[in-house]
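*Asks:* Submitted below is the structure of interest, expressed as structure tokens.
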Amino acid sequence: MLYSLYELNHLAMTPLRAMAMAGSTILRSPLNPAGDTHLGRNLAAAADVFESVTRRYRKPEWNLPTTRVNSVEVPVTPKAVWADAWCSLVHFERDEDVIVKARGVRDDPKVLIVAPLSGHYATLLRGTVEAFLPEHEVYITDWADARMIPLMAGRFDLNDYVDHIIHMLRALGPDLHVVAVCQPGPAVLAAVALMAEDGDPLLPASMTFMGSPIDARRSPTVTNKLAEEKPFSWFEQQMIHTVPPMYPGAFRRVYPGFVQLASFMGMNWDRHVDAHRTYFEHLVAGDGDNAQKHREFYDEYLSVLDLTEEFYLQTIRDVFQEYKLARGVFEHRGHVVDCSAIRTVALMTVEGEKDDISGIGQTQAAHDICGNIPAARRIDHVQQGVGHYGVFNGKRFRTEIYPRMREFMRTFARTETRALKRRLVEA
């Protein structure tokens with residue numbers, strides 16, 4: 001019912017939104033003398049703000065047409081190199097000829113960035129991809145919107161998610177570095193552990209976890225406390241809704257993206273209100289640059305997707321209520337995952353000092369869980385002065401976090417990992 005009411009509200013606002021857009025256009029016309037008055041600028045700005053907060057935001061484009069390699073502009077083309085109903089593996093293909101001319105040799109490490117499946121599209125990591133592109137072959141998981149997937153495609157739960165990660169690691173290996181940003185941390189760790197248990201020769205050379213809830217018991221945040229305080233039945237009854245008939249995924253039970261977005265915005269409501277007030281002031285003052293920065297951020301932030309009921313509820317139970325991976329009891333298709341089986345994959349954890357989603361220590365827990373990785377192959381970095389978003393995006397990420405990740409990946413390249421494996425076998 002809530003989903004249908006949400007859609008009806010959006011439809012009901014359509015005429016008002018059209019009127020606001022028309023009014024803004026008329027007021028900003030150079031032929032309208034009233035447009036340059038104080039009242040005219042305020043009315044036009046109010047119309048723009050109204051349109052922006054009532055609009056339906058579609059999946060954003062990557063908008064990464066080029067990167068720079070040794071000061072040379074290199075064309076970039078995002079291409080899906082593998083896909084099924086639930087996910088596309090996107091490769092940011094750089095022009096090989098231009099790279100060879102710029103660098104003389106092409107030996108860039110392969111990096112798989114596992115984007116969160118938690119309400120936002122993978123494009124939220126545009127800045128992460130952009131930082132890696134000059135010196136890496138970059139791949140990213142582009143998860144699908146559950147409301148767009150017909151019921152006939154079947155179910156998708158946390159076990160399916162882990163299977164997808166394993167499939168991609170095998171498809172891209174060897175000499176691969178995997179980076180899990182936020183939510184996928186436990187699933188990626190489980191996938192690597194399962195491959196290690198099987199003695200898989202395509203294990204990644206390194207794994208990096210950024211702001212991930214590996215052990216959500218540590219430094220619990222508001223999000224963690226909500227999961228602890230509410231019974232599992234509350235999430236089943238209050239958070240799961242049915243996709244309306246207007247979508248391809250009609251009648252699929254989902255955790256709607258707009259519910260997740262409302263929760264996130266509610267945590268920092270004053271900040272979002274202040275941001276829109278400032279946006280209004282920039283519009284009135286004719287400050288196009290700052291107004292555009294606001295639009296770019298919220299065009300991304302307000303674009304959301306739905307999660308399947310089974311994936312969301314299993315994640316709530318296994319990761320945020322029962323902490324199964326951290327306790328060593330997480331099961332994948334009836335098999336208990338043993339993270340101590342990981343011995344050769346280098347491990348890096350990154351946390352933000354002010355992270356209000358994954359508190360300090362939640363990501364660091366990976367070092368305790370993976371007890372058989374030699375200490376010399378582990379790195380932990382806590383970035384001062386950044387929150388959750390700043391862990392993987394923004395100036396501090398580009399200038400302080402990314403350089404450490406780049407050095408870490410080059411230090412523990414696959415050739416070095418193979419040498420360690422030989423020593424372990426000989427021992």
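The values are calculated or read from the model by the stated rules, or taken from the named source; none is laboratory data. In this text, all values refer to a predicted model and were calculated from it rather than measured experimentally. Quick reminder, even Gly has a Cβ in these numbers, built from the backbone with ideal geometry, and neighbours come from all protein chains shown.
*Asks:* Surrounded by fewer than 23 Cβ atoms within 10 Å (Cβ to Cβ) and touching a strand residue (DSSP E or B) at 6+ places or on another chain (Cβ under 8 Å), is that true of HIS335? Full working, then the answer.
*Replies:* Working: surrounded by fewer than 23 Cβ atoms within 10 Å (Cβ to Cβ): yes; touching a strand residue (DSSP E or B) at 6+ places or on another chain (Cβ under 8 Å): no.
In short, no.
*Asks:* Next up: Looking at LEU124, LEU202, LEU176 in this structure, which one is surrounded by fewer than 23 Cβ atoms within 10 Å (Cβ to Cβ), in contact with a Lys or Arg (Cβ under 6 Å, 6 or more places away or on another chain) and touching a residue at least 12 places away in the same chain (Cβ under 8 Å)? Give the steps one after another, and end with the answer.
*Replies:* Numbers: LEU124 fails: in contact with a Lys or Arg (Cβ under 6 Å, 6 or more places away or on another chain); LEU176 fails: surrounded by fewer than 23 Cβ atoms within 10 Å (Cβ to Cβ).
Testing whether each residue is surrounded by fewer than 23 Cβ atoms within 10 Å (Cβ to Cβ), in contact with a Lys or Arg (Cβ under 6 Å, 6 or more places away or on another chain) and touching a residue at least 12 places away in the same chain (Cβ under 8 Å) leaves just LEU202.
Yes or no, residue by residue, for (1) of a type in the set (Ser, Thr, Tyr); (2) modelled with pLDDT of 95 or more; (3) surrounded by 15 or more Cβ atoms within 10 Å (Cβ to Cβ):
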| residue | (1), (2), (3) |
| --- | --- |
| ALA346 | no, yes, yes |
| ASP355 | no, no, yes |
| GLY359 | no, no, yes |
| PRO403 | no, yes, no |
| VAL425 | no, no, no |
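*Asks:* Here is a list of conditions, (1) in contact with an Asp or Glu (Cβ under 8 Å, 6 or more places away or on another chain); (2) assigned to a loop (DSSP other than H, G, I, E, B), and LYS354 meets all of them except one; can you say which number that is?
*Replies:* (1)
*Asks:* Check whether at least one residue in region 88-100 is closer than 30 Å to PRO213 by Cα, outside any helix (DSSP H, G or I) and among the hydroxyl-bearing types (Ser, Thr, Tyr), and report yes or no.
*Replies:* Yes: region 88-100 contains one or more residues that are closer than 30 Å to PRO213 by Cα, outside any helix (DSSP H, G or I) and among the hydroxyl-bearing types (Ser, Thr, Tyr).
*Asks:* Could you list, in sequence order, all residues of region 308-351 that are more than 30 Å from HIS241 (Cα to Cα) and in a strand (DSSP E or B)?
*Replies:* HIS335, VAL336, ALA346, LEU347, MET348, THR349, VAL350, GLU351
*Asks:* Among the residues of region 42-72 satisfying the criterion of being without any contact (Cβ under 8 Å) to a residue 40 or more places away in the chain and among the small types (Gly, Ala, Ser), which is surrounded by the most Cβ atoms within 10 Å (Cβ to Cβ)?
*Replies:* In this case the residue turns out to be ALA47.
*Asks:* Being assigned to a helix (DSSP H, G or I) and of a type in the set (Lys, Arg) is the filter here; which residues of region 110-135 pass it?
*Replies:* ARG126
*Asks:* Does SER212 fit the bill of being of a type in the set (Gly, Ala, Ser) and touching a His at 6+ places or on another chain (Cβ under 6 Å)?
*Replies:* Details: of a type in the set (Gly, Ala, Ser): yes; touching a His at 6+ places or on another chain (Cβ under 6 Å): no.
So SER212 fails the test.
*Asks:* Still on this structure: Being at pLDDT 85 or above and of a type in the set (D, E, K, R) is the requirement here; does GLU281 meet it?
*Replies:* yes
*Asks:* Check off (1) assigned to a helix (DSSP H, G or I); (2) farther than 30 Å from PHE408 by Cβ; (3) among the hydrophobic types (A, V, I, L, M, F, W, C) for ALA85 and give me the number that stays unchecked.
*Replies:* With (1) assigned to a helix (DSSP H, G or I); (2) farther than 30 Å from PHE408 by Cβ; (3) among the hydrophobic types (A, V, I, L, M, F, W, C) applied to ALA85, the lone miss is (1).
*Asks:* I would also like to ask the following. Looking at this structure, is HIS164 touching a strand residue (DSSP E or B) at 6+ places or on another chain (Cβ under 6 Å), closer than 29 Å to GLY249 by Cβ and either modelled with pLDDT under 95 or surrounded by 20 or more Cβ atoms within 10 Å (Cβ to Cβ) (or both)?
*Replies:* Answer is yes for this residue.
*Asks:* Of all residues in region 361-394 being touching a Phe, Trp or Tyr at 6+ places or on another chain (Cβ under 9 Å) and closer than 16 Å to ALA190 by Cβ, which is surrounded by the most Cβ atoms within 10 Å (Cβ to Cβ)?
*Replies:* So, considering only residues that are touching a Phe, Trp or Tyr at 6+ places or on another chain (Cβ under 9 Å) and closer than 16 Å to ALA190 by Cβ, the one surrounded by the most Cβ atoms within 10 Å (Cβ to Cβ) is THR363.
*Asks:* What pairs can you find where one residue is in region 212-230 and closer than 17 Å to TYR389 by Cα, the other is acidic (Asp, Glu) and part of a loop (DSSP other than H, G, I, E, B), and their Cβ atoms are less than 9 Å apart, with a gap of 6+ or different chains?
*Replies:* Short answer, once both residue conditions are applied: THR221/ASP355; THR221/ASP356; VAL222/ASP356; THR223/ASP356.
*Asks:* What number of residues within region 171-209 satisfy the criterion of being assigned to a helix (DSSP H, G or I), at pLDDT below 95 and either within 18 Å of the chain's Cα centre (by Cα) or over 20 Å from ARG410 (Cβ atoms) (or both)?
*Replies:* 1
*Asks:* Further question: What number goes with the only condition from (1) surrounded by fewer than 20 Cβ atoms within 10 Å (Cβ to Cβ); (2) in the same structural domain as TYR389 (by TED's automatic domain parsing) that ARG94 does not pass?
*Replies:* Answer for ARG94: the failing condition is (1).
*Asks:* Moving on to the next point. I need every pair where a residue in region 309-322 that is touching a residue at least 60 places away in the same chain (Cβ under 8 Å) has its Cβ under 8 Å from the Cβ of a residue that is in a loop (DSSP other than H, G, I, E, B) and among the β-branched types (Val, Ile, Thr), sequence separation at least 6 or different chains.
*Replies:* Cβ pairs passing all conditions: GLU309/ILE240; TYR312/ILE240; LEU313/ILE240.
*Asks:* List every residue pair whose Cβ atoms lie under 9 Å apart, where the two residues are 6 or more positions apart in sequence or sit on different chains, the first residue falls within region 263-287 and is in the same structural domain as HIS38 (by TED's automatic domain parsing) and surrounded by 14 or more Cβ atoms within 10 Å (Cβ to Cβ), and the second residue, located anywhere, is acidic (Asp, Glu) and in a helix (DSSP H, G or I).
*Replies:* Pairs that qualify, where the first residue is in the same structural domain as HIS38 (by TED's automatic domain parsing) and surrounded by 14 or more Cβ atoms within 10 Å (Cβ to Cβ) and the partner is acidic (Asp, Glu) and in a helix (DSSP H, G or I), are TYR279/ASP48; PHE280/ASP48; HIS282/ASP289; LEU283/ASP48; ASP287/GLU281.
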